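Contents: one structure, followed by commentary.
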Amino acid sequence: MLSLRERLAQFEEFNRWEQQNPRPIRPFQSVLADLSFLLSLVSREQRAIDPDPQKLGIQELRKALARIAATAELET
């Protein structure tokens, strides 16, 4: 697992990259139209299925956030 300092270094590196590679500016209507199109490719039946009924992904995220918070407390 990465330390808080390592994560901050990664964010700084990304911020430098992002400054050199700005995001294309698109109207939000265009983005929503693209999302709507992608969603139309998935059937209603498939969209109705919960792929993670026990919310295991959320539980893993919360565990990871707790580890990051604990690491941050130790480094301060």
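Which residue pairs have Cβ atoms closer than 8 Å, lie 6 or more positions apart in sequence or on different chains, and pair a first residue in the stretch 1-17 that is touching a residue at least 12 places away in the same chain (Cβ under 8 Å) with a second residue that is part of a helix (DSSP H, G or I) and exposed (fewer than 10 other Cβ atoms within 10 Å of the Cβ)?
That search, which allows pairs on different chains as well, returns 3/75; 4/75; 5/75.
List the residue pairs whose Cβ atoms are under 6 Å apart, where the first residue sits in the stretch 24-38 and is surrounded by 10 or more Cβ atoms within 10 Å (Cβ to Cβ), the second is charged (D, E, K, R) and at pLDDT 90 or above, and the two are 6 or more positions apart or on different chains.
That search, which allows pairs on different chains as well, returns nothing.
Scan the stretch 31-67 residue by residue and report those that are within 30 Å of residue 5 (Cα to Cα) and modelled with pLDDT under 90.
Residues satisfying the conditions do not exist here.
Table: residues versus (1) in a loop (DSSP other than H, G, I, E, B); (2) in contact with a His (Cβ under 8 Å, 6 or more places away or on another chain); (3) small (Gly, Ala, Ser).
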site	(1), (2), (3)
31	no, no, no
47	no, no, no
51	yes, no, no
63	no, no, no
66	no, no, yes
70	no, no, yes
74	no, no, no
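The values are calculated or read from the model by the stated rules, or taken from the named source; none is laboratory data. Remember, it's a predicted structure, so these values are computed and weren't measured experimentally. Here the Cβ is made from the backbone with ideal geometry for all residues, glycine too, and neighbour counts use every protein chain on show.
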